[in-house]
There are 8 protein chains.
Amino acid sequence: MSEHTKVLVGIIMGSKSDWEVMKHAHDLLNQFGVANECSVSSAHRTPKQTLEYVSQAETRGLEVIIAAAGAAAHLAGVTAAHTLLPVLGVPMESAALKGLDSLLSTVQMPGGIPVGTLAIGKPGAVNAALLAIAILANQRPELREKLRAYRDEQTRKILQEKLT
Amino acid sequence: MSEHTKVLVGIIMGSKSDWEVMKHAHDLLNQFGVANECSVSSAHRTPKQTLEYVSQAETRGLEVIIAAAGAAAHLAGVTAAHTLLPVLGVPMESAALKGLDSLLSTVQMPGGIPVGTLAIGKPGAVNAALLAIAILANQRPELREKLRAYRDEQTRKILQEKLT
Amino acid sequence: MSEHTKVLVGIIMGSKSDWEVMKHAHDLLNQFGVANECSVSSAHRTPKQTLEYVSQAETRGLEVIIAAAGAAAHLAGVTAAHTLLPVLGVPMESAALKGLDSLLSTVQMPGGIPVGTLAIGKPGAVNAALLAIAILANQRPELREKLRAYRDEQTRKILQEKLT
Amino acid sequence: MSEHTKVLVGIIMGSKSDWEVMKHAHDLLNQFGVANECSVSSAHRTPKQTLEYVSQAETRGLEVIIAAAGAAAHLAGVTAAHTLLPVLGVPMESAALKGLDSLLSTVQMPGGIPVGTLAIGKPGAVNAALLAIAILANQRPELREKLRAYRDEQTRKILQEKLT
Amino acid sequence: MSEHTKVLVGIIMGSKSDWEVMKHAHDLLNQFGVANECSVSSAHRTPKQTLEYVSQAETRGLEVIIAAAGAAAHLAGVTAAHTLLPVLGVPMESAALKGLDSLLSTVQMPGGIPVGTLAIGKPGAVNAALLAIAILANQRPELREKLRAYRDEQTRKILQEKLT
Amino acid sequence: MSEHTKVLVGIIMGSKSDWEVMKHAHDLLNQFGVANECSVSSAHRTPKQTLEYVSQAETRGLEVIIAAAGAAAHLAGVTAAHTLLPVLGVPMESAALKGLDSLLSTVQMPGGIPVGTLAIGKPGAVNAALLAIAILANQRPELREKLRAYRDEQTRKILQEKLT
Amino acid sequence: MSEHTKVLVGIIMGSKSDWEVMKHAHDLLNQFGVANECSVSSAHRTPKQTLEYVSQAETRGLEVIIAAAGAAAHLAGVTAAHTLLPVLGVPMESAALKGLDSLLSTVQMPGGIPVGTLAIGKPGAVNAALLAIAILANQRPELREKLRAYRDEQTRKILQEKLT
Amino acid sequence: MSEHTKVLVGIIMGSKSDWEVMKHAHDLLNQFGVANECSVSSAHRTPKQTLEYVSQAETRGLEVIIAAAGAAAHLAGVTAAHTLLPVLGVPMESAALKGLDSLLSTVQMPGGIPVGTLAIGKPGAVNAALLAIAILANQRPELREKLRAYRDEQTRKILQEKLT
């Protein structure tokens, strides 16, 4: 985990195989010093444990939940149905349909239960962490400054890139 | 409802607006004399009641659950996660993507938790009822004979059709 | 095959190349002790033999047919047209369109002839077996208990998984 | 029907509702003096009658079969599996997916059983008739001349069109 | 606008025609007493004004920006590139492709610049407001309680619905 | 080429890279003893030579043209616009979109100019040859018998296949 | 037509029914004082006249050709194959697939023969005219100033819009 | 760069990883002796530098800008919003959706701000260069002759290709 004691972000994923991608979210949160916890939690195969985890997240002090799943990706939607916290969804690239199914299953939520959805796969994992940080940063000026520095560094790196 | 006392099929749908389509499943089950119960039950907006209903279905003696939902259609998958009964999913035609999202969200379930998915919209509603009847008919010869008669009548009607 | 004498589930597939995927359905049925038979049977290339097989399935005592095919996947629909038994369809991942063609060809059946469709590829093969078992389990309490144990074990395994 | 005695083209369609579209094929064949016969014949709802019709087509002297169906459109493929005659498929525009399902179900046939597929809906109906005529015209010079005249007239009409 | 003095949420949209849909976000924020401001601001047709607005949002005290656009929907991404605030994107239903283009243009952001994307059209507008409220509620207990009440009321309404 | 002197089928393809796939059509026609000629002929990069070839095909005695192309696959349509012969189109699997672009570009012809379209890639190449043979066989009984034998052998092979 | 004598832009379209959309390109060119000519010219139904027109465009002094077509939209590609002038393609919204077929048929050109493709339907027609003007403006300062004024006016109008 | 002093074409791309593809545009422009400059310039990660570059392009004497990006590919649209020069867009093949997202994000621009879009990936890069050359060639007869020679050579090469 990271250096701070209070966990602010929970990352859950539908399968252990999602970890290779979601690790990027975890690493980025750690880099920003945002305590976070990661676990496999399937809407379909461990439904009770998932609901238990999600239902307690608010009282445990979490401020954002990131949920990643593939194919008929119900995890983010089911999570959002059981908490008032902001829920961010990351569609995993799936075997046959390359994540189009995961994307539509995650983003096309009915009015009433929102999931803020990021891109399919690794860019989505990275951006879920960054959006979580942006959300937390509204009330944490030091986090916003870290975000500003991260953006500046990102820009600087691209400007340095040479073609050839 | 129908003439028999023991409810064998539960039909749940994510929104009252699905009823216009799902009524075809209800009517067909009634026509076959299969007792069934219908209710609005949203995976997202009434999640606790949905789980409660689904979790009790087996002990209440239901033998099939039909779940219909649109867009990020999680209802059938969530239902299947909480019961051992056969679950049939009917993807509703959605506003923007015409049910492609509903279909993929319903059918692309991960290995371990099956949803037998029917076609988008009304044909799917009709066929969910017919598949439920075929499942029940394995142990109910009189139901299989009714199904045979239904098929024969269906064939007869088409053969009578005149193009002009 | 498996230890029981009476075959309850027939698995047919459009091409021998589907066997690598459909073997998962066969193995799972065997694991549950459900006698099943598997054969290549193409709606297009062995149409007469397919119809013969399907037409006799009911009187031979089968209770579920699982049909797997790819691309213009007509096998499940053609099967359903010639039997009153519940038919489950598994869309194979196809070369160019990755199973989107197989999925739509299998699931979008017209009202009157149902095919309960599972996910594209291996998850669909696994789930076809599990759905067949759920159907059979309605009248076979010992099968339902095996299913319950399977689900519990599945949940237990995921909960044990460690990230990193 | 048309003025000639020997029927050369059989047009079958999966549902009476396809007639509004397929009538354009019928009318065009009539306009060319090609005797043809039209009937509703469903791969799913009248499977035996469909096979009977298709199996006898060759010996009855037909030279082309046009098969039109929508959604999980199996009619053309099933027809092709039971005859050596050239089979032309017309995907009907379907309710939810607008004919994408019909198209993929018709055109993505496995190697061994060909279906020459035309466009979705009315342009496909018109072109199925024209392709049938082109096929017949290989051995019927007068039909080829009629086709040439038809094309010339078609060109002439477009060239006369005024934009205003 | 609403009763509170400090504007917390900015809603921008690419075209005046999006207002009919985005008004639902505005109304919902008002209903929760969250001061918000709405304007037409096109990434393509008023690019300078858009950048000016977005660049000043943080110092003006906004905490969330909701950006809605259709077709090649660049507004949310361009917004996210010029602010550190959390940006939520709402893909508008487009004329030809029904919002599939809007969705992919909004959600498939590269790693580094996140947009939390909601569903196409009205459900997305409603949910963008609710997600903004959930974000704000992390530090405003009274807003979380209003959200809880909103959810409870939503559930209650559905449970009261009668099918007939 | 093949043993007969009069070329009956012309196979053209948009790029030399299509030959690996289209060779299957060539080989199959040879196997049936149908004289055929194959060439690269691009609607875009050798337009004049393509039109010259196509325009002379009828008077040179060809009876079917098979045209294969990928991506914005215009070859079959352009061919059909310049000949009265039956034209069969084979969509090649394309780099990015896997042949969906090739398929739609080939099959969605406007009313008036038909292209009988086969499946994407190798199955389409095989089936284009078989459909050409079926067309030729209408007036060549020995070809129809060869086709019957081919089908029988195809069926026999599948029936012999053993799973394990 | 417009006030200038030398025609610089040719607009061709595959069907008279495209005129309602393409008129927007014509009107916009007129508004900028760019002489242009419009005609129906089908790649499929008037292929010779199309080639004749396109082949002469360069020597007649045209500088841009705009080609609009729907479904298997070959017109822009065929045009580009027969001229060295810059060719802009406008995919028309098609009946069944809503222009996805038109778009892919127009834009996915093989390396060697470019078509600069605009959006499906009316926005594409407007933008084809604007891009043609931008191309012409490289050597016509007064046209660039008109374009600048057009953009400024466009921005001004949007900024004036009031939401209410 | 190339032998001429005045840069006429600017090539920008959203990521260094696009260079492998876009190098084909650069090489082709060089081959034609058209001075061009290439740089990484992200609409999202270096937005200010991108706007600065694009805004100065006209006064610096550029005549065409080629913009390449993948996924939510906003670069071409953002470029077009900030310049009156003709902008050509090249959608990069993206990881999950294979460039369908890039294509729609680039081509579906709203009326008012045109992007002339080429094919996904390498064919698009090649064609962007060729279209830029065609645009420049309107006022540079020697460039048009080079283009004519290039086309002739391209045709000659294909005609020389031997199958087998």
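Which is hydrophobic (A, V, I, L, M, F, W, C) and out of contact with any Lys or Arg (no Cβ under 8 Å at 6 or more places or on another chain), of G:A137, G:A132, G:A81?
G:A132
Answer with yes or no whether G:G14 is under 19 Å from F:L103 (Cβ atoms), of a type in the set (G, A, S) and crowded, with 24+ Cβ neighbours inside 10 Å.
No: the conditions fail for G:G14.
Please verify whether segment B:99-112 includes one or more residues that are within 12 Å of the chain's Cα centre (by Cα), under 24 Å from C:R148 (Cβ atoms), small (G, A, S) and at pLDDT 95 or above.
Looking for residues that are within 12 Å of the chain's Cα centre (by Cα), under 24 Å from C:R148 (Cβ atoms), small (G, A, S) and at pLDDT 95 or above, one finds none in segment B:99-112, hence no.
Looking only at segment E:133-149, which residues are over 18 Å from the mean Cα position of the chain (by Cα) and more than 7 Å from every other protein chain (Cβ to nearest Cβ)?
E:R140, E:P141, E:E142, E:E145, E:K146, E:A149
Within segment E:7-21, which residues are in contact (Cβ under 8 Å) with a residue 24 or more places away in the chain and either out of contact with any helix residue (DSSP H, G or I) (no Cβ under 7 Å at 6 or more places or on another chain) or within 11 Å of chain G (Cβ to nearest Cβ) (or both)?
E:V7, E:I11, E:I12, E:M13, E:G14, E:S15, E:K16, E:D18
Please go through segment D:22-60 and give me each residue that is within 14 Å of chain C (Cβ to nearest Cβ), of a type in the set (S, T, N, Q) and closer than 17 Å to D:V90 by Cβ, ordered by number.
D:S41, D:S42, D:T50
Check off (1) open to solvent by 10 Å² or more (accessible area, probe 1.4 Å); (2) in a strand (DSSP E or B) for E:V90 and give me the number that stays unchecked.
Unmet condition: (1).
Would you call G:N30 surrounded by fewer than 22 Cβ atoms within 10 Å (Cβ to Cβ) and more than 26 Å from D:I120 (Cα to Cα)?
Criteria met by G:N30.
Kindly indicate whether F:E153 is among the charged types (D, E, K, R), at negative phi and facing chain D (nearest Cβ under 10 Å).
No; evaluated as a whole, the condition is false for this residue.
Can you name the number of the only condition in (1) more than 10 Å from chain D (Cβ to nearest Cβ); (2) at pLDDT below 95 that F:I158 fails?
Status for F:I158: all satisfied but (1).
Given the conditions (1) of a type outside the set (S, T, Y); (2) assigned to a helix (DSSP H, G or I); (3) open to solvent by 40 Å² or more (accessible area, probe 1.4 Å), report the number of the one that H:K162 does not fulfil.
(2)
Go through segment C:81-96 residue by residue and tally those that are closer than 12 Å to C:I12 by Cβ and either small (G, A, S) or within 14 Å of chain F (Cβ to nearest Cβ) (or both).
Summing the residues that are closer than 12 Å to C:I12 by Cβ and either small (G, A, S) or within 14 Å of chain F (Cβ to nearest Cβ) (or both) in segment C:81-96 gives 1.
Looking at E:A69, E:A25, can you tell me which residue is crowded, with 24+ Cβ neighbours inside 10 Å and farther than 28 Å from E:E153 by Cβ?
Being crowded, with 24+ Cβ neighbours inside 10 Å and farther than 28 Å from E:E153 by Cβ holds for just one of E:A69, E:A25, which is E:A69.
Quick check on my filter: what residues within segment C:33-57 are surrounded by 20 or more Cβ atoms within 10 Å (Cβ to Cβ), touching a residue at least 40 places away in the same chain (Cβ under 8 Å) and part of a loop (DSSP other than H, G, I, E, B)?
Once the filter is applied, which keeps residues that are surrounded by 20 or more Cβ atoms within 10 Å (Cβ to Cβ), touching a residue at least 40 places away in the same chain (Cβ under 8 Å) and part of a loop (DSSP other than H, G, I, E, B), segment C:33-57 yields only C:V34.
Being in contact (Cβ under 8 Å) with a residue 40 or more places away in the chain and open to solvent by 10 Å² or more (accessible area, probe 1.4 Å) is the filter; apply it to segment E:122-132 and report the residue that is farthest from the other protein chains (Cβ to nearest Cβ).
E:K122
For segment B:96-107, name all the residues that are open to solvent by less than 10 Å² (accessible area, probe 1.4 Å) and within 20 Å of A:A95 (Cβ to Cβ).
B:D101, B:L103, B:L104, B:S105, B:T106, B:V107
Tell me which residues, restricted to segment B:108-120, are of a type in the set (G, A, S) and open to solvent by 10 Å² or more (accessible area, probe 1.4 Å).
B:G111
Looking only at segment A:107-117, decide whether some residue is at the interface with chain E (Cβ under 9 Å from one of its Cβ atoms) and in a helix (DSSP H, G or I).
Yes, segment A:107-117 contains a residue that is at the interface with chain E (Cβ under 9 Å from one of its Cβ atoms) and in a helix (DSSP H, G or I).
Provide a single number: the residues in segment B:118-129 that are in a helix (DSSP H, G or I) and closer than 19 Å to A:S105 by Cβ.
Result for segment B:118-129: 1.
Do you know which of the residues in segment G:133-145 that are in a helix (DSSP H, G or I) and in contact with a helix residue (DSSP H, G or I) (Cβ under 8 Å, 6 or more places away or on another chain) is most open to solvent (accessible area, probe 1.4 Å)?
The residue in question is G:R144.
Evaluate the following for G:G116: is it at negative phi and without any contact (Cβ under 8 Å) to a residue 40 or more places away in the chain?
yes
Go through (1) modelled with pLDDT of 95 or more; (2) out of contact with any Lys or Arg (no Cβ under 6 Å at 6 or more places or on another chain) and name the single condition B:V40 misses.
Condition not satisfied by B:V40: (2).
How many residues are out of contact with any Leu (no Cβ under 9 Å at 6 or more places or on another chain) and assigned to a helix (DSSP H, G or I) when one looks only at segment F:58-78?
Result for segment F:58-78: 2.
The values are calculated or read from the model by the stated rules, or taken from the named source; none is laboratory data. All values reported here derive from a predicted model rather than from experimental measurement. All Cβ positions, glycine included, derive from the backbone under ideal geometry; neighbour counts span all protein chains shown. Side chains are part of the model used for accessible areas, which takes the heavy atoms of the whole protein and leaves out ligands, DNA and RNA. Shrake-Rupley method; radii C 1.70, N 1.55, O 1.52, S 1.80 Å.
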